[in-house]
Structure formats: C-alpha cells, structure tokens
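The next block holds one structure in the form of structure tokens; read it before the comments.
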Amino acid sequence: MTSRTTIAVAASAGACALALGMTAPAMAAPAQAQEKAMVSVFHGIPGMTVDVYANGDELLSDFKPGTVTDPQSLDAGTYDIQVFAAGQDPDGTPALQKQVKVPEGGNATVAAHLSADGKPQLTAFTDDVSKVDAGKARLTVRHVAAAPAVDVRAGGQPVFTGLTNPDEDTAAVDAGTVNADVVLAGTDTVAIGPAELNLKEGTSNVVYAWGSAEDENLALVTQTFSGTETMPKAVHAGASGAAVTPNSSDQWLAWAAATGAITLTGVMVARQVAVRRG
C-alpha cells in the first residue's frame with residue numbers, strides 16, 4: 001500500500017456568493033439559500049491516516065480509514081483539494097488529486113478508495129435521497145475495494161450481481177433488519193459477512209465494501225440519510241486537479257467521523273422495487 005496517499009474531500013467556495021449576497025436585495029435570499037449542496041467524505045484506503053488541505057489550509061487532520069463524515073452543506077461549485085499522509089509536508093506533491101464539481105441542490109459523497117488492482121483513486125458518487133414508499137428503505141451497495149467482481153446475497157440468494165469497482169447498485173427494500181453477505185461473483189466464496197443491518201423506514205442507506213482482498217482486510221462501512229423529497233443532481237469528478245475547498249477549516253474540522261465496520265444487508269428486493277444499476 002502506498003505510504004503517500006491523498007484523498008479528495010468536498011467543501012465550499014463561498015466568497016463570491018457571499019459578496020453577491022451582500023449587495024442583492026433581501027428578497028433574493030431564498031434563492032441564494034438554495035445554491036447549496038450536501039457533501040460527505042468517505043476514507044476507504046486501508047492503513048493510511050491523512051491530513052486534508054484545501055488552498056494550502058489544513059481542513060481535516062488525522063482522518064482515519066473506514067470513516068465517513070456527516071453531510072455538510074456547501075456552496076455549489078468546483079473545488080480543489082489536496083490530502084496527504086498524516087504529518088507529511090503540505091508543500092510536497094500530493095499522491096492523489098482531483099477536481100469535483102458539485103451542482104446546486106446536489107447530494108454527494110466523495111470516496112477515496114482502492115481500485116480493483118489496489119491503486120488509490122477518487123470517486124464522486126451521487127447520493128439518492130429522494131423519498132421512498134411507506135414501509136420501505138433504500139439500499140445502495142458501493143464496491144470500492146481492491147477485489148474482483150462480487151455478488152451481494154440476501155438469505156443466500158443473489159440480489160446484486162456482478163458488481164465491480166467502483167460501481168454501485170440500488171434497490172428499494174422492506175424496512176427492517178436484514179441479513180446478507182458478499183461473495184465472489186458467481187460463486188459461494190464469502191468475501192465479507194454474513195452481517196445484518198437495521199434499515200429504518202424512509203431512510204437511504206449506503207454500504208461501502210472497501211479494503212483489499214489480497215491483504216485480507218475487506219470490511220463494510222455504512223452511511224444513512226433521512227428520506228427527503230430532494231432529487232439529487234449529478235456530481236462530476238474531473239480528470240485532474242485536487243478537490244474541494246471549504247468556507248473555513250473550523251467548519252470542516254467539525255465534521256463528525258461516523259460509523260465503523262457495520263454490516264451489509266439482505267432480505268432485499270423480494271417482491272420489491274427493481275434493482276437499479278448505479
């Protein structure tokens with residue numbers, strides 16, 4: 001595993017918007033309030049604690065693997081960020097850089113993780129937080145591990161099949177506690193699990209399969225969003241650059257590190273909404 005790795009985070013670029021807001025009439029405030037996006041950050045590179053910088057300012061320090069931040073409200077825009085191995089000189093060259101564009105009204109998670117062949121990379125995912133039917137919850141599984149294609153099973157039966165890094169599958173499922181495991185695609189060879197997850201009615205739940213099969217540290221992390229009527233918009237990850245810039249380092253340092261290696265889920269989609277390829 002590389003000892004110098006960077007991850008991309010997301011943050012706001014609000015100086016221009018703030019200046020405009022100060023000169024605009026009061027009636028324009030509601031429109032400006034909508035020029036926001038919700039952004040979370042997932043760190044899925046094993047063995048690497050990192051410091052996150054944006055525009056040369058430290059935003060997050062000692063950010064540990066297997067951690068996903070709470071969603072943060074940010075001004076829509078394009079952001080540049082650099083993240084270094086904890087304690088590394090920020091004047092050096094970051095190992096991983098990215099540019100991420102977050103549109104107005106968007107809801108996204110920026111994930112730093114390993115590619116299928118074990119190389120650090122950055123992927124921006126759109127988080128679907130639209131409403132689900134009564135009695136249902138949304139389940140999304142994201143394959144961000146250094147591992148081959150996998151199937152996700154519920155009660156021993158495949159639900160999501162042939163999932164490859166860095167893809168995702170989504171389904172609406174019955175709310176409740178469900179059991180599942182992750183197996184190598186087309187086999188009964190268990191890679192992660194079995195495990196269970198409590199899917200509460202009206203929530204959107206994302207499960208990350210992360211780590212390295214070769215290093216035998218595959219694990220799962222979950223994040224949960226309360227159901228809303230806001231439809232997500234696409235989030236575009238650029239080909240180069242660093243990612244994301246927040247309004248202030250205090251805002252970023254306040255982000256809570258949530259969830260550990262919780263579990264994956266099963267009993268999904270039996271007579272439920274069809275699986276949607278992400």
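Answer yes or no as to whether residue 50 is surrounded by 13 or more Cβ atoms within 10 Å (Cβ to Cβ), in contact with a Phe, Trp or Tyr (Cβ under 9 Å, 6 or more places away or on another chain), aliphatic (A, V, I, L, M) and at pLDDT below 85. Spelling it out, it is not the case that residue 50 is surrounded by 13 or more Cβ atoms within 10 Å (Cβ to Cβ), in contact with a Phe, Trp or Tyr (Cβ under 9 Å, 6 or more places away or on another chain), aliphatic (A, V, I, L, M) and at pLDDT below 85. Of the residues making up the stretch 161-171, those that are farther than 20 Å from residue 114 by Cβ and either within 19 Å of the chain's Cα centre (by Cα) or aromatic (Phe, Trp, Tyr) (or both) are 170, 171. Taking strands (runs of 3 or more DSSP E) as the structural unit, those lying wholly within the stretch 58-159 and holding at least 1 residues that are of a type in the set (Lys, Arg) and surrounded by 24 or more Cβ atoms within 10 Å (Cβ to Cβ) correspond to 97-102, 136-146.
Checked against (1) over 24 Å from residue 204 (Cα atoms); (2) at pLDDT 90 or above, residue 80 meets all criteria but (2).
Would you check if there is a residue in the stretch 100-109 being among the basic types (Lys, Arg) and at pLDDT 85 or above? Show your work before the answer.
To start, the set of residues in the stretch 100-109 that are among the basic types (Lys, Arg) comprises 101.
Restricting the remaining residues to those that are at pLDDT 85 or above gives none.
No.
Does the stretch 152-163 contain any residue that is aliphatic (A, V, I, L, M), touching a residue at least 40 places away in the same chain (Cβ under 8 Å) and more than 27 Å from residue 202 (Cβ to Cβ)? No, the stretch 152-163 has no match at all.
The values are calculated or read from the model by the stated rules, or taken from the named source; none is laboratory data. From a predicted model like this one, the values you see are computed outputs, not experimental measurements. Because the Cβ atoms are built from the backbone with ideal geometry, glycine has one as well, and the counts that use them run over all protein chains shown.
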